[in-house]
Amino acid sequence: QEIKISHQFKAETDGRDRAARLFVKEVNKRDPSIKFRIYPGQSLGIKPVAQLDALQAGTLEMAVYPMSYAVGKIPEFSIFIMPGVINNLDQAMKLKGTKFHELVQKIAEDNGVHIVTWWWTPGGFATKSREITGPESVKGLSMRAADPTFEAMLKAAGASVTAMASTEIYPALQSGVLDGALTSAESFVSMRLYEQTKHATVGGEYNLWMLMQPLLMSKKAWDALTPAQKKAFQEAADISDEFFLKLQREATDKMAETFSKAGAKVRQMTKAEYDAWVELAKKTSWVEYQQKAPRGKELLQLAIDATK
Amino acid sequence: MRAFIRFADAISVACAVIASVMLFAAVLIVCWMVLYRALGHSTFWELETAVYLMVASVFLGSPYCLKTNGHVSVDLLAHYLPRRGSDILAIFIGVVGFVVCGYLTYVGAELMLKSLHEGETTGSLWNPPKWPLYLTMPLGLGLTALQYIAEILRATLDLKSAQEGA
Amino acid sequence: MSETQIGLVLLVVTLMVLFSGIPIAWGLTLVSVSFLLVFEGPTALNVVGITIMDELSSFALLTIPLFVLLGAAIGVSAAGRDIYESLYRWLVRVPGGLVIANIFACGIFSAICGSSPATAAAIGKVGVPEMLKRGIPPGLATGAICAGGTLGILIPPSITMILYGLATETSIGRLFLAGVGPGILLVVLFALYAWIVTLIGHRRNPQTIPEEHYTLAEKMKGIEKVAPFIAIIVAIAYMMYGGIATPSEIAAVSAALALALVMVIYKAWHLRDLWHIFRDTVRESTMILMIIGAAALFSYMMSLLYITQTAAEAMVNLELNRWVLMALINVFMLVAGCFLPPVAIILMLMPILTPVLEANGFDLIWFAVILTINMEVGLITPPVGLNLYVLKGVAPQVPLPTVLLGSLPFVLIMLFAIVLICIFPEIALWLPDTLMGPGR
Ligand code: NA
Ligand code: NA
């Protein structure tokens with residue numbers, strides 16, 4: 001059989017593509033009969049968000065999928081970007097194999113997809129005019145965050161939130177429509193946002209912006225695998241998780257370095273600032289999430305328990 | 001037969017009027033959004049509403065586009081065929097157009113029903129349901145298929161009158 | 001069957017379907033669905049709906065109807081006539097002045113309008129009958145409008161540049177700026193040609209020099225009429241680079257400005273006038289967007305069947321000299337331009353070409369200009385040349401062979417411009433690099 005893997009990232013250089021290639025290599029070590037074909041950089045012609053539709057329909061077998069894209073169909077998945085729940089890579093990896101993992105896997109399978117890997121990307125803020133510290137620092141700024149629960153928090157902090165496609169971030173920063181943006185460390189570098197910003201808040205132990213972007217598989221395709229093949233997939237996934245974790249630690253450093261080189265001020269969020277954000281998130285993002293997602297409350301509690 | 005052609009034509013024009021109003025509304029909404037944001041406010045429902053309206057306007061414009069022969073084609077073959085041949089070709093093209101639009105109507109309806117069933121939303125802060133957006137595709141292309149029936153009938157009438165004339 | 005074989009079958013089948021006269025949008029859909037069904041099975045069809053819907057519901061793409069609206073609004077008014085008449089008052093003593101005025105008018109109109117047929121229609125509607133009445137050779141008159149009209153997609157704003165930017169993930173603002181220099185170059189070259197041809201004509205036939213005179217006051221009055229359009233152009237540029245709106249939002253604001261302008265200055269505020277504007281807009285934008293939706297489906301099919309990747313790989317592996325490769329790409333685009341409108345070519349071709357261009361070190365912004373000029377040629381070549389349809393409408397008495405023969409010199413000028421831009425890429429890149437800083 002042939003398995004197609006689709007994603008929107010640049011081939012060979014982006015960590016998500018490299019980890020996908022490693023995954024394929026590791027599976028083929030164990031079972032050479034499975035043929036993979038990777039379609040990087042949106043080259044399959046299916047838009048990033050719609051990859052989920054293709055997975056559910058069984059047209060596409062696998063995709064590297066930023067979980068925040070799914071929240072229109074699966075509101076529970078906002079947990080994968082929820083501010084104030086998972087604050088660094090170590091905590092994110094701690095969730096693997098817990099009850100939390102079991103429940104999100106079940107929710108995913110109820111929606112026709114299977115979570116194969118556990119790839120988390122740290123990110124942060126980059127802004128033009130002033131550095132981002134606590135919630136009061138975004139007041140009056142025009143920001144883009146890409147996730148509704150996150151946006152609810154920024155709005156409560158007094159920022160004006162602007163919706164736009166990711167491809168418009170660069171020109172919007174340039175023309176001043178946006179004062180700042182939140183995204184992953186790798187995207188900040190690949191989208192060259194350091195050319196248009198003067199301040200970055202990134203990395204460290206207290207990270208407000210964490211997003212899972214794993215390899216998802218169509219449940220139909222997953223169910224069609226033999227038990228031996230499933231085992232091979234799992235082993236390959238574990239190896240890719242380790243690799244991806246290492247890449248992401250490097251990506252954060254690389255972002256800090258790139259921004260510094262471009263003349264931007266780079267800082268990490270302090271515990272006090274982070275705690276202030278969490279207070280706000282509890283009153284805004286968390287409330288909204290539990291209203292929108294039927295199993296949100298349960299998931300949130302499991303995540304908090306697992307990362308204690 | 002002629003009554004049906006008139007009926008389909010009228011529906012197509014009516015759809016074009018609705019499409020025009022929607023497009024005009026979208027223009028006003030985006031202008032409002034730019035102004036409102038320039039005053040330092042958050043935008044919320046504006047962008048998505050404008051997109052919904054414009055997509056609707058595009059699909060609803062399709063039957064009128066067909067009626068006024070606006071869908072571009074390579075019409076080389078028809079030029080070199082004799083009158084009778086080009087009339088038959090027109091009927092054939094009408095049938096193909098009907099089949100394709102019919103298929104896309106089916107596909108669009110399926111997409112819309114699945115989205116309605118799942119309760120799919122856009123996932124934004126405003127978070128409107130997606131099915132109204134998807135509805136515009138089967139609606140517009142379904143009416144285009146209807147207009148194709150009218151076009152096929154028109155071409156058949158032409159063919160008949162040409163035969164009677166000869 | 002190998003990917004190469006499937007690719008060749010696809011090429012033949014697509015050509016056959018298109019040549020049967022089936023509308024391009026439905027033809028591309030039919031071919032895509034059939035190939036997916038035959039070579040990939042029914043599950044591949046599960047995403048047909050979402051592929052089309054997702055392509056069309058991008059806000060950046062939906063600026064196309066807005067730019068069409070802008071062109072239609074101004075096109076319905078007498079603005080086209082006003083622009084070239086006021087220019088003509090200044091150029092009346094120049095040989096070929098009326099033709100040159102029409103070419104300049106096309107250039108100015110292009111700076112407001114994003115579509116080529118709309119530009120040709122707006123200026124040609126009054127310009128062609130006027131030129132014919134005053135004894136300009138029919139070929140020169142129609143050729144100037146055909147070619148001048150194509151500038152609509154080179155001089156910003158441009159529908160094809162928007163689509164190119166989306167397909168290649170390049171900055172639309174940068175693409176727009178890259179079109180300015182080459183656009184001016186073409187306007188100057190076209191005008192030079194009209195001047196020389198008329199000059200030679202005058203030697204043979206001296207009594208064709210017009211006897212009109214305009215006082216300075218009359219000339220200045222002409223400028224007043226052009227001023228509102230210049231104001232719109234300046235407003236667009238200010239909003240785009242002054243931080244007020246994103247390039248996509250500007251489309252809506254400028255469409256609203258244009259509507260207001262024709263309603264206030266040209267008194268087109270009757271419901272009937274508005275209906276004409278919106279009717280034409282809905283018709284043209286539906287046509288374009290249906291082709292875009294179908295072309296998106298087509299490129300999904302080509303990629304899923306691995307035809308795109310195989311073709312790109314084969315082109316990279318040829319290891320041709322990069323300029324030989326560029327020449328071949330140009331020939332291919334010119335041929336494709338004969339049969340397909342620009343939007344379809346960009347969506348179907350760019351997934352194949354982007355990796356090839358990157359592997360050979362070609363700048364994607366620079367290539368956008370090369371591609372656009374090729375697409376301009378396609379707009380005035382049969383059988384699918386949208387500007388030819390326009391000319392058929394405004395000057396039905398001029399036979400098609402005369403129109404084509406009259407356009408031929410302009411086509412040669414465009415090819416010459418491509419060569420110039422290959423030798424001096426700064427013609428395209430200087431402005432974006434200066435205003436936006438060097439970069440992508
Ligand atoms: Na233009
Ligand atoms: Na052509």
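A few remarks follow.
- Residue pairs meeting the criteria (Cβ under 8 Å; at least 6 apart or on separate chains; first in a loop (DSSP other than H, G, I, E, B), in segment A:253-265; second polar (S, T, N, Q) and at pLDDT 90 or above): A:Ala264/A:Thr197
- Residue ranges of helices (runs of 4 or more DSSP H) in segment A:100-192 with at least 2 members within 14 Å of chain C (Cβ to nearest Cβ) and surrounded by fewer than 23 Cβ atoms within 10 Å (Cβ to Cβ): A:169-175, A:185-190
- Selection status of B:Leu81, more than 14 Å from chain A (Cβ to nearest Cβ) and either closer than 30 Å to A:Phe150 by Cβ or open to solvent by 60 Å² or more (accessible area, probe 1.4 Å) (or both): yes
- Against the criterion of being of a type in the set (Gly, Ala, Ser) and either more than 22 Å from the chain's Cα centre (by Cα) or not in a helix (DSSP H, G or I) (or both), B:Ser86 qualifies.
- Criterion: within 14 Å of chain B (Cβ to nearest Cβ) and either within 16 Å of ligand 1 (Cβ to nearest atom) or open to solvent by 10 Å² or more (accessible area, probe 1.4 Å) (or both) - qualifying residue of C:Pro383, C:Pro396: C:Pro383
- Taking segment C:14-26 as the range and being without any contact (Cβ under 8 Å) to a residue 24 or more places away in the chain and among the small types (Gly, Ala, Ser) as the test, the residues that pass are C:Ser20, C:Gly21.
- Test: residue in segment C:343-364 that is within 23 Å of C:Leu185 (Cβ to Cβ) and charged (D, E, K, R): yes
- Taken over segment C:5-46, the residue count meeting the criterion of being open to solvent by 10 Å² or more (accessible area, probe 1.4 Å) and within 14 Å of chain A (Cβ to nearest Cβ) is 10.
- Extreme residue, surrounded by the most Cβ atoms within 10 Å (Cβ to Cβ), among residues of segment A:25-47 that are of a type in the set (Ser, Thr, Tyr) and assigned to a loop (DSSP other than H, G, I, E, B): A:Ser43
- Residue check, C:Gly378 within 14 Å of chain B (Cβ to nearest Cβ), buried (at least 21 other Cβ atoms within 10 Å of the Cβ) and among the small types (Gly, Ala, Ser): yes
- Scope segment C:124-159; condition within 20 Å of C:Pro409 (Cα to Cα) and within 14 Å of ligand 1 (Cβ to nearest atom); matching residues: C:Gly148, C:Gly149, C:Thr150, C:Leu151, C:Gly152, C:Ile153, C:Leu154
- Reported count of residues in segment A:277-300, each being open to solvent by 40 Å² or more (accessible area, probe 1.4 Å) and part of a helix (DSSP H, G or I), is 10.
- For segment C:407-418, filtering for residues that are more than 16 Å from ligand 2 (Cβ to nearest atom) and surrounded by 15 or more Cβ atoms within 10 Å (Cβ to Cβ) leaves 4.
- C:Ser299 vs. criteria buried (at least 22 other Cβ atoms within 10 Å of the Cβ), within 14 Å of chain A (Cβ to nearest Cβ) and touching a Gly at 6+ places or on another chain (Cβ under 7 Å): yes
- Taken as a whole, the structure places C:Ile352 among residues that are open to solvent by 10 Å² or more (accessible area, probe 1.4 Å), away from chain B (no Cβ under 14 Å) and touching a residue at least 40 places away in the same chain (Cβ under 8 Å).
- Of all residues in segment C:271-288, those that are under 13 Å from B:Ala16 (Cα atoms) have Cβ atoms under 7 Å from Cβ atoms of residues that are open to solvent by 60 Å² or more (accessible area, probe 1.4 Å) and of a type outside the set (S, T, N, Q), 6 or more apart or on another chain, in C:Phe278/B:Phe24.
Table: residues versus (1) crowded, with 18+ Cβ neighbours inside 10 Å; (2) of a type outside the set (S, T, N, Q).
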{"site": "A:Leu208", "(1), (2)": "yes, yes"}
{"site": "A:Met217", "(1), (2)": "yes, yes"}
{"site": "A:Ala228", "(1), (2)": "no, yes"}
{"site": "A:Ser240", "(1), (2)": "yes, no"}
{"site": "A:Phe244", "(1), (2)": "yes, yes"}
{"site": "A:Leu302", "(1), (2)": "yes, yes"}
{"site": "A:Thr307", "(1), (2)": "no, no"}
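- Taking segment C:302-338 as the range and being open to solvent by 80 Å² or more (accessible area, probe 1.4 Å) and over 26 Å from the mean Cα position of the chain (by Cα) as the test, the residues that pass are C:Glu313, C:Asn317, C:Leu318, C:Glu319, C:Asn321, C:Arg322.
- Where C:Ile162 falls short, out of the listed (1) modelled with pLDDT of 90 or more; (2) open to solvent by less than 10 Å² (accessible area, probe 1.4 Å); (3) within 13 Å of ligand 1 (Cβ to nearest atom): (1)
- Lone qualifier among C:Val343, C:Val316 - being away from ligand 1 (no atom under 16 Å from the Cβ) and either within 14 Å of another protein chain (Cβ to nearest Cβ) or under 28 Å from C:Pro432 (Cβ atoms) (or both): C:Val316
- Residues of segment C:59-68 satisfying the condition of being within 7 Å of another protein chain (Cβ to nearest Cβ) and either over 15 Å from the mean Cα position of the chain (by Cα) or open to solvent by 10 Å² or more (accessible area, probe 1.4 Å) (or both): C:Phe59, C:Ala60, C:Leu62, C:Leu66
- Test for A:Glu102: is it acidic (Asp, Glu) and over 21 Å from C:Asp54 (Cα atoms): yes
- Filter result for the condition that a residue is touching a strand residue (DSSP E or B) at 6+ places or on another chain (Cβ under 6 Å) and at pLDDT 90 or above, over A:Leu103, A:Leu95, A:Leu55: A:Leu55
The values are calculated or read from the model by the stated rules, or taken from the named source; none is laboratory data. What you are looking at is a predicted structure, and each value in this text was computed from that prediction instead of being measured. Glycine also receives a Cβ, built like all others from the backbone with ideal geometry; neighbour counts cover every protein chain displayed. Keep in mind that these areas ignore ligands, DNA and RNA; they rest on the heavy atoms of the full protein, side chains included. Shrake-Rupley method; radii C 1.70, N 1.55, O 1.52, S 1.80 Å.
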